[in-house]
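Below: the structure, in C-alpha cells.
The values are calculated or read from the model by the stated rules, or taken from the named source; none is laboratory data. None of these values were measured; they are calculated from a predicted model. Glycine gets a Cβ as well: all are built from the backbone with ideal geometry, and neighbour counts include every protein chain shown.
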Ligand code: ATP
Ligand code: MG
Ligand code: MG
Ligand code: MG
C-alpha cells in the first residue's frame, strides 16, 4: 500500500531518532533573533547558533522536518515538477559529532533498506565534488555502483567566507518518460537542467573554514547538514508526475476545481499551472500568517501580499472572480494536521486575514487587468518590446499590482518591462512623498524590498556566521 506523506515524514524522523538524534520541532517561518534572514529557508537556517558555537546543543545529533520558504523559487512554481514557495526540508545534523562516513552510510541505509524507504538502488544517482575522493570511496563501499556516481565541480558549498565544504547530492531517476529534454540532451544528467533526475537530498560535509585570505583551513570539529525535500520524496513514493499529484496537494487542487466550476486539472497545461500555483501559494500564505506574518508593503508582508495577489490572478484564469483563496485554509490544515495541528486551530484567524487581502485586491483587479491588457496591446501595436515604466508604475501604484506580477504577465505575452522607467517613476513618487512629509522617515523601503525578495535566499543564513568549530 502507498505510504502517506505523514508516514514518510515520520519515517525519516524515526530513522534518525534510532541513530541517536533528537527530533526537533519545526521552527517558525519567521526567523527568531536573526535579522539577516527574511524567512527560514532550510533546516540549517534554524541551527546557526549551534553551527557557530554560540550555543551548545543538548544533543549533538538532531533531526527535523523544517517548514521553509524560498522566494527565489516563486516563478518556478507550477513550471517545474519540483519547486514550491513553502516546502518541508527533512534533515539530520551533526554538530561536531559524526561526519562523512556515518552521514553517507545512514543516507544509503534509509534510502534503500527494505525496512525503510526501500527505493531501487538502480534509480539512485550520487554526485560528489571531484576532489572529495573520501566521499566517493565511502559511497562505493556503501554499495553504490561506480557508474551511478557523478563528479561535479558544483558540489562545493561555499559562501566566500566561513564554513564550507564539499557536498553530495542524491538524485532519483524518474525515467525518460518524465523528462522535458531529449535523452541525448547535454543537460540530461543528474544535476543538469532536466526533469528526469530529481534532486531529492543534499548532504553537506562542512569541513573547512574559508578564511578571509582565501585559504581553507580544516575544521577541528566537522559538521553535517542535510536537506531532503519532503514533497519530492513523496512524489517518488506516490509515483506522481510532479510534486502536485500527491496527498500534499491534490485535495487543494480538487477544491479549486469545485471553486472554478469550469476547469478541470489535467486538461490544459496552462490551466494546470494556475491550479498548481494556487495550491502552492495557499499553503505558503496559510503557514506564514499562522507564524505571525501579515500582508503589507514591506519585507515579509510584501512577500505574502505578492503571493496572495498572484494566487488571485491565477484564480481569474480559472474563472474565479470572488474571494476564494481563504476557503483553502481548512484544507491545508487537514492535510498538514499530523505534523502541524496548530493550523486548524488558527484557521479562522488565517482565513480572515487572507479574505481581507483578497477583497481589497479584487476591488481594483478587474480595472487593473483591463489596463494591463490595453497596455500590452498598445505596446505590441507600436512594435515595442517593453511595457512603459509609467504604465507599469500606474498598475503598481493605483491597482496594487506588484511589479513582479506585471513582469510575469508581460513575459507570458512575450514582452518585457522598462525597469529603468519604472524605477524612475518610483523615485519621483518618493521625492513627492519626501517633500510632502518633511522630516518623516525615508520612503526607500519599497525599493530595498524589491531587491531583497529577488535575491536568492538560499543559505544566506550562513553569510553571517563568524567563528567556527568552537563547539565544546
Ligand atoms: P534545486 O536544484 O532542485 O533547485 P537546490 O539545490 O536549490 O534544489 P538545496 O538548497 O540543496 O536545493 O536544498 C536541499 C533540498 O531541499 C533539495 O535537495 C530539495 O529536495 C529541497 N528543495 C530545495 N528547494 C526546494 C523548493 N523550492 N521546493 C521544494 N523542495 C526544495
Ligand atoms: Mg534551487
Ligand atoms: Mg540543486
Ligand atoms: Mg541542492
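Structure summary
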item: Residue in the stretch 185-199 that is surrounded by 16 or more Cβ atoms within 10 Å (Cβ to Cβ) and at positive phi present; result: yes
item: Residue satisfying all of: in the stretch 119-133; in a helix (DSSP H, G or I) and out of contact with any helix residue (DSSP H, G or I) (no Cβ under 6 Å at 6 or more places or on another chain); surrounded by the most Cβ atoms within 10 Å (Cβ to Cβ) among these; result: 123
item: Some residue of the stretch 342-365 being in a helix (DSSP H, G or I), free of Cβ contacts under 8 Å to residues at least 60 places away in the same chain and over 29 Å from residue 292 (Cα atoms); result: no
item: Residue 99 in contact with a helix residue (DSSP H, G or I) (Cβ under 8 Å, 6 or more places away or on another chain) and touching a residue at least 60 places away in the same chain (Cβ under 8 Å); result: no
item: Whichever residue in the stretch 226-245 is in a loop (DSSP other than H, G, I, E, B) and over 13 Å from residue 3 (Cβ atoms) and, among such residues, is nearest to ligand 1 (Cβ to nearest atom); result: 243
item: Of the criteria (1) without any contact (Cβ under 8 Å) to a residue 40 or more places away in the chain; (2) surrounded by 20 or more Cβ atoms within 10 Å (Cβ to Cβ); (3) assigned to a helix (DSSP H, G or I), which one residue 8 fails; result: (1)
item: Close pairs from the stretch 71-93: first without any contact (Cβ under 8 Å) to a residue 60 or more places away in the chain, partner within 16 Å of ligand 4 (Cβ to nearest atom) and in a loop (DSSP other than H, G, I, E, B), Cβ under 6 Å, at least 6 apart; result: 73/83; 76/83
item: Among residues of the stretch 151-209, those that are part of a loop (DSSP other than H, G, I, E, B), more than 11 Å from ligand 1 (Cβ to nearest atom), touching a residue at least 40 places away in the same chain (Cβ under 8 Å) and over 19 Å from residue 135 (Cα atoms), counted; result: 4
item: Criterion (at pLDDT 90 or above and part of a loop (DSSP other than H, G, I, E, B)) met by exactly one of 439, 383, 391, 469; result: 383
item: Residue within the stretch 317-326 that is in a helix (DSSP H, G or I), at pLDDT below 95 and under 18 Å from the mean Cα position of the chain (by Cα) present; result: no
